[in-house]
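Undergrad: Questions regarding the structure given below will be posed in turn.
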Amino acid sequence: MNTEGRVLLRMATSKDAAMTAAVLARADIAAEACADMPALVEAVAGGAGALLIAEEVLVSPALPLLAGTLAAQAPWSDLPVLVLARQGADSPRIGQVMEELPNVTVIERPVRVAALVSALRSALRARRRQYELRALLEGLQQADERKDQFLATLAHELRNPLAPINTALALLSRNGTTPAETARYHELMRRQVDHMVRLVDDLMEVSRITRGKVDLQRLPVLLDAVINDAIELSRPQVRAAGHTLAIDLPGETLFVLGDAVRLTQVFSNLLNNAAKYTPPGGMLHIAARRDGSQVVIDVIDSGVGLEPHMREAIFDMFVQVGGSSKAAQGGLGIGLTLVRSLVELHGGRVEARSDGPNRGATFTVRLPLAPAATPSVDATPAPDWQAASIGRSILVVDDNRDATDSLTELLRALGATAFAAYDGEHALRIAAEQRLDIAVLDIGMPGMDGCELARRLRALPAQAPLTLIALTGWGQEADKQRIAEAGFDHHLLKPPDPGALMALLKG
């Protein structure tokens, strides 16, 4: 019996209870008779859709006992109580019942069966809505707890790279720093900034992917190449933890139809996850095989394992395995969410298996095979800053002075005639005096924002033609549309990919 949908009966006699239960059964309403009020109160704790009680039993101490039970209900709960009253329902006892019990409906006897059934069905429908509200509130509470946990994790992860950056800046401010030391501190700060960029990129990535805002570049992809690229990306983390990685790839050539970059991301995330949740010196294993029209890739570790209830939850946003391993600390808990979303976008599925805590875990990805074809190769070269040269007039506008000054200095070092402005009015004054080829504009500036500045620059006849580049942290679809409508030619997210920025500036 569904206890949450049952009607609990407390009638004046056992015969009345049996007859009422039989009548309700014929109407497909589950009912359970209770011998006394303590039994009914105990049954309420196990779940109930409604109470049907005879007036005669609502006397002291039964009435105060029921009133106390109902007063202690959870905030979402308002259990319906139907009272079968003797003829003349305005008796003092009924008045007391209506005063002491919440959500009471009084039905005067004799009552027609249809009327009783109708009243109970209405009460049960209302009760079902309460249970739906409970589920919603529990979901919101869990989401709120995850949000709080995520924000704490995000703060922790952002503070980690900020600490060495702050220390390196203090060291660089000393007198007598050698060129070798300066280079080392610069490299340290670059690594930490890269780490912070990856954190922000992951957040934006999971937002786009889970909302279906990612367009995959579907081409025949060689499975071995994707896995080997993922291994190379994950190898530093694997080595740092002293793990041994076994690789078992099929002897035959297998292709999947998909986005090589995204699939590499899937398997590097799984390998990074395995390395992260495996104590130092552990064993990792990645293996691939054909299974009919699919390819199956297993990523196996000897790490902390999974509780049974975590095998599905581990793919949910911001969920991380509990702190049973110090190696598990770090990250935002969104890597496996990305994995599941990307695999499903490729028409595949992913699942996790584990024999329990400290017995390792296996993550299995299944992807549909594609006909054999010549795989595409991404051979975009990294920019050569030593050989780079930009002989153009460029205006850089950003209210962040450090960002403006650093980019302006870099452009000047590359041969550009670069001008710096920290707000829209300053930028317009420069545009009135200088002939410009390119303007690189921030969007979220106080006063005149980048979109308004772009429109006003476009209105200057002396500056036609002018290439407008939005360099901003705003990257949602609505932002892209607003920026395009303002007249921008290109849209880059901060910090920009050096190669992409160089290509736009060189024209």
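Undergrad: In region 102-133, which residues are within 40 Å of the chain's Cα centre (by Cα) and open to solvent by 50 Å² or more (accessible area, probe 1.4 Å)?
TA: Hits for region 102-133 are N103, R121, S122, R125, R128, R129, E132, L133.
Undergrad: Within region 413-424, how many residues are closer than 23 Å to P465 by Cβ and either hydrophobic (A, V, I, L, M, F, W, C) or without any contact (Cβ under 8 Å) to a residue 24 or more places away in the chain (or both)?
TA: Here the count works out to 6.
Undergrad: May I ask you to list the residues in region 385-407 that are of a type in the set (D, E, K, R) and either modelled with pLDDT under 55 or open to solvent by less than 80 Å² (accessible area, probe 1.4 Å) (or both)?
TA: Listed by number, the residues that qualify are R392, D398, D399, D405.
Undergrad: I'm checking my understanding of the structure. Among residues of region 259-279 that are of a type in the set (A, V, I, L, M, F, W, C) and touching a strand residue (DSSP E or B) at 6+ places or on another chain (Cβ under 8 Å), which one is most open to solvent (accessible area, probe 1.4 Å)?
TA: The residue in question is A260.
Undergrad: Right, another one. Tell me which residues, restricted to region 230-254, are part of a strand (DSSP E or B) and either buried (at least 21 other Cβ atoms within 10 Å of the Cβ) or not hydrophobic (A, V, I, L, M, F, W, C) (or both).
TA: Looking only at region 230-254, we keep the residues that are part of a strand (DSSP E or B), and these are 244-248.
Once the filter is applied, which keeps residues that are part of a strand (DSSP E or B) and either buried (at least 21 other Cβ atoms within 10 Å of the Cβ) or not hydrophobic (A, V, I, L, M, F, W, C) (or both), region 230-254 yields T244, D248.
Undergrad: Sticking with this one: Of the conditions (1) part of a strand (DSSP E or B); (2) under 22 Å from L336 (Cβ atoms), P220 clears all except one; give me its number.
TA: Here P220 clears every test but (2).
Undergrad: Are there any helices (runs of 4 or more DSSP H) wholly within region 418-507 with 1 or more residues that are farther than 17 Å from L407 by Cβ, and if so which? Outline the logic, then answer.
TA: Numbers: elements: 424-433, 450-458, 477-485, 498-506.
Filter on region 418-507 gives 424-433, 450-458, 477-485.
Undergrad: Here's a follow-up. Of (1) modelled with pLDDT of 90 or more; (2) outside any loop (DSSP other than H, G, I, E, B), D144 satisfies all except one. Which?
TA: Of (1) modelled with pLDDT of 90 or more; (2) outside any loop (DSSP other than H, G, I, E, B), only one is false for D144: (1).
Undergrad: Further question on the same structure: For A454, state whether it is small (G, A, S) and within 36 Å of the chain's Cα centre (by Cα). Spell out the reasoning first.
TA: Numbers: small (G, A, S): yes; within 36 Å of the chain's Cα centre (by Cα): yes.
Here the answer is yes, as A454 does meet what is asked.
The rows are residues; the columns are (1) modelled with pLDDT of 80 or more; (2) exposed (fewer than 13 other Cβ atoms within 10 Å of the Cβ); (3) over 28 Å from the mean Cα position of the chain (by Cα).
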position: S173; (1), (2), (3): yes, yes, yes
position: E181; (1), (2), (3): yes, no, yes
position: E187; (1), (2), (3): yes, yes, yes
position: H195; (1), (2), (3): no, no, no
position: R208; (1), (2), (3): no, no, no
position: R211; (1), (2), (3): no, yes, no
position: Q217; (1), (2), (3): no, yes, no
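Undergrad: I'd like the full set of residues that are open to solvent by 50 Å² or more (accessible area, probe 1.4 Å) and without any contact (Cβ under 8 Å) to a residue 40 or more places away in the chain, limited to region 427-450.
TA: Within region 427-450, R429, A432, E433, G447 meet the criteria.
Undergrad: If I filter region 462-479 for residues that are farther than 19 Å from A413 by Cβ, open to solvent by 40 Å² or more (accessible area, probe 1.4 Å) and in contact with a helix residue (DSSP H, G or I) (Cβ under 7 Å, 6 or more places away or on another chain), do I get at least one hit?
TA: No, because not a single residue in region 462-479 is farther than 19 Å from A413 by Cβ, open to solvent by 40 Å² or more (accessible area, probe 1.4 Å) and in contact with a helix residue (DSSP H, G or I) (Cβ under 7 Å, 6 or more places away or on another chain).
Undergrad: Let me ask something else. Has region 408-421 got at least one residue that is buried (at least 21 other Cβ atoms within 10 Å of the Cβ), small (G, A, S) and under 34 Å from the mean Cα position of the chain (by Cα)?
TA: No: zero hits.
The values are calculated or read from the model by the stated rules, or taken from the named source; none is laboratory data. The shown structure was predicted, so the numbers you read here are calculated from the model rather than taken from an experiment. Every residue, glycine as well, gets a Cβ built from its backbone with ideal geometry; the counts of neighbours run over all protein chains shown. Side chains are part of the model used for accessible areas, which takes the heavy atoms of the whole protein and leaves out ligands, DNA and RNA. Shrake-Rupley method; radii C 1.70, N 1.55, O 1.52, S 1.80 Å.
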